[in-house]
1. In what order, largest first, do THR34, THR83, THR7 sit by accessible area if the probe radius is 1.4 Å?
2. Hey, if you drop one equal point scatterer on each alpha-carbon of the stretch 101-213 and run the Debye formula without solvent, what base-10 log of I(q)/I(0) do you get at q = 0.16 Å⁻¹?
3. Suppose the chain between PHE175 and GLN2 were pulled fully straight at 0.36 nm per residue; how much longer would it get relative to their current alpha carbon spacing?
4. Return one whole number: the accessible area per residue of the chain in Å², for a 1.4 Å probe.
5. Quick one: with all protein chains in place, what share of the accessible area of the stretch 70-201 is carbon or sulfur, to the nearest percent (1.4 Å probe)?
6. For the chain, take the convex hull of the Cα atoms, compute a quarter of its surface area, and give me that in nm², please.
7. So how do 104-115, 216-227 stack up, highest first, on mean other-Cβ count within 10 Å?
8. Can you tell me how much longer the chain between ARG17 and ASP230 gets when fully stretched, taken as 0.36 nm per residue apart minus their C-alpha distance, in nm with one decimal?
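The values are calculated or read from the model by the stated rules, or taken from the named source; none is laboratory data. Just so it is clear, the model here is predicted, and its values are computed rather than measured. FYI the Cβ positions are ideal-geometry reconstructions off the backbone, even for glycines, and counts take in every protein chain you see. With ligands, DNA and RNA removed, areas are computed over all heavy atoms of the protein, side chains included. Shrake-Rupley method; radii C 1.70, N 1.55, O 1.52, S 1.80 Å.
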Amino acid sequence: MQVDVLTLFPEWFDWYRDQRHVRNALAAGHELRTFNPRDHTVLSGRQVDDTPFGGGAGMVLRVDVMERALRGIYGEDPVDLRTHRRVVALTPGGRVLDDALVDELAAEPDGITLLCGRYEGFDERILEHFCTDAVSIGQYVLAGGELAAMVVADVVLRKLPGTLGHEDSAVEESFSAALEGDPEYPHYTRPAKHRGWAVPDVLLSGHHEQIRRWRRERSRERGDAGLRLDRADVAPPGPPDPSGER
Ligand code: 6GU
């Protein structure tokens, strides 16, 4: 799998690329490449954006610059590229990322291309003519698409064989088909008791079928009710302490 990112800030990905699970993915033959549209613009001052027609705040990424960048990288008209490759624009108005979309992207035979928006975003013609998907990572606005692209790269790469230490880790995890879309069951490790807080007996019983059933039930409960930590004995969030020390 090849994950390509078009970003005005490729250096943001240097740190990410150096993380162990990413290095594992790269060692297993996957790729994470970054490209800067500024390297492809022919406008003076390496310009990539412009003021919006109709007026308003901010700057908009230019369709001609994105076309030149995609042509330069893939050697074909981006209108044709998108017929055989997922080209994903990261934008807050897009389809909200979930495990099903991640599975779709991870199943792409060749790879995916992620376009990071900045400023006010993309000229609409980029989305309309060059992209197969517009994706958001949630209902809030980031300063740019880079962190969203990193999220997409991360969730896709960790699904691929060779990325995680334990090959089963991505199969029976939160929101997976194996858990029928439910969040994961609670985990425990040593010590079996800490401050009187005991690990559920069933997990120490060695009865694999009972453990499996217990986990499936806990998982389903969390799917129904959500994992809520808002207990009465925990202080609710209040106004900030004026002392600045909480
Ligand atoms: Cl993909 N981009 C930006 N700028 N903000 C976002 C987002 C994307 N997803 C959620 N917020």
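1. Numbers: THR34 40, THR83 110, THR7 0 Å².
The ordering from most to least exposed comes out as THR83, THR34, THR7.
2. So the normalised log intensities work out to -0.92.
3. Numbers: separation 173, 0.36 × 173 = 62.28 nm, distance 2.43 nm.
The PHE175-GLN2 span can extend by a further 59.8 nm.
4. Values: 14700 Å² over 246 residues.
Value returned for the chain: 60 Å² of accessible area per residue.
5. Numbers: 3550 of 6880 Å².
Carbon and sulfur: 52 percent of the exposed surface of the stretch 70-201.
6. On the way: hull surface 77.6 nm².
Across all orientations, the chain yields a mean hull projection of 19.4 nm².
7. Numbers: 104-115: 18.0, 216-227: 13.4.
Final packing ranking: 104-115, 216-227.
8. So the extension gain works out to 73.1 nm.
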